[in-house]
1. Quick one: order 92, 393, 143 by neighbouring beta-carbon count within 10 Å, fewest to most.
2. Nearest 5 is fine: what % of DSSP beta bridges in the range 132-229 come out antiparallel, could you say?
3. Need the full-extension length gain, residue 163 to residue 375, defined as separation in residues times 0.36 nm minus the C-alpha distance. One decimal, nm.
4. Give me the one-decimal nm value for the distance between modelled label points at residue 216 and residue 491, 7 Å along each residue's Cα-to-Cβ direction.
5. Given the peptides 422-431, 486-495, arrange them by the average over their residues of other C-beta atoms within 10 Å, most packed first.
6. Where does each of 99, 340 land when they are ranked from fewest to most other beta-carbon atoms within 10 angstrom?
7. How would 434, 77 line up from fewest to most surrounding beta-carbon atoms within 10 angstrom?
8. Given the C-alpha centroids of the range 164-195 and the range 413-429, what is the distance between them in whole angstrom?
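Every read-out reported here was derived from the displayed coordinates using simple, explicitly stated rules and does not represent laboratory data. Note that the structure is predicted; figures quoted are calculated from it, not measured. As a convention, Cβ positions derive from the backbone with ideal geometry for all residues, glycine included, and neighbour counts pool all protein chains shown.
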């Protein structure tokens, strides 16, 4: 490796002078000195003429006075003209300097505006990439000019390959024919919506396709945006006996907790875009000997409410799931968590990133594009996948085992870990563990909370711990509220404990 030596000595004397520079300097000197030079030359010429006139008139007093007056008037006129020219030059230089300053200010404002526009585009693109619906823009020539991450993953192509491709090459001839007439209507300013059978990676499913002209309201649009929504399949919890009206009443009560008099979906979308969520962490303490990892944290999510307080997850997560926004929030959590960890590492080189446990909604588990988002974020922030542990609900494992298996297959090669949380809330079965390599089992809090007063729940917890020990899966007991429960769980062989008796949730880092 060669070293570069910088010479700090003054090299202005040795700098070559170009011919253009010499000409410019000469013109500048002439402009500044031409008028005084001409004035002096004129005075000299008039003086010589006066001397000759006095000589030829033999120093006649009248002629001498007359010629002297003429010389004085000429000199006074030349001096006056010189002063006017110099004043004009000074004023013109001042105007030029002011114009130069204004131009510099305009250039700076333009650069700042361009930077602000670039940052706004990046924020807008990040929000669109986090949304689960496929979004793309088609111009008047029928070519794709913009698309979000979900559409790129559905196409299976790189972003540079998709841009400028005709619509029929991206969505297929059948879907193109179906949207063609609606596309013509969108180009004349007419928004439309249709239902179609869309070919998703996991099979053909019904979808809602919306076409929105851009600019909105223009009679001759530059193009149109296409939104492809896959409505989630409504499922009822097996143990839930509430009817539809009861569920609607419960959802209304949850929506009333949101600190805004606007549409709950719009409020949550704005919260995602404006980073209105808070990330907290709660330690997961190792109680079994030689348990690794020792630094284990669960990430908890809160939403800023009115004033300075934060809403608990029960106040908005079910509303988000109802409106199909849970995957977007989970993507925000991954992005924000890795960004925060990177910033903490840059601020303190001695800081070591612990193992972070992140809860996933059922809709995110079923989202086949979520794994690509995690991989892209790990690569972007240069974080090892082994620092993330994804928690999947026991209910999701029972109802969406194929989706859970696909998610693990995609993220396990990156080093990510997996936990089954709320284990025991459904029928206890260890059959899926023979196919799915889970790392942890988090016992349902209803079991943990009753081990000191009900022998049946203690026996159930002990059975889960023994079975997990045989298959090589570590156990976590959450919701520990007193020391007696912690001691009892340690006695039956639980690996980790978590709860307010251990430590309350606190700010990230």
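1. The order, fewest Cβ neighbours first, is 92, 143, 393.
2. Values: 26 of 26 bridges.
Expressed as a percentage, antiparallel bridges in the range 132-229 total about 100.
3. Between residue 163 and residue 375, full extension yields 74.1 nm more.
4. With each label placed 7 Å out from Cα toward Cβ, I get 6.4 nm.
5. Packing order, densest peptide first, comes out as 486-495, 422-431.
6. Going from sparsest to densest Cβ surroundings: 99, 340.
7. In order of increasing Cβ crowding within 10 Å: 434, 77.
8. For the range 164-195 versus the range 413-429, the Cα centre distance is 43 Å.
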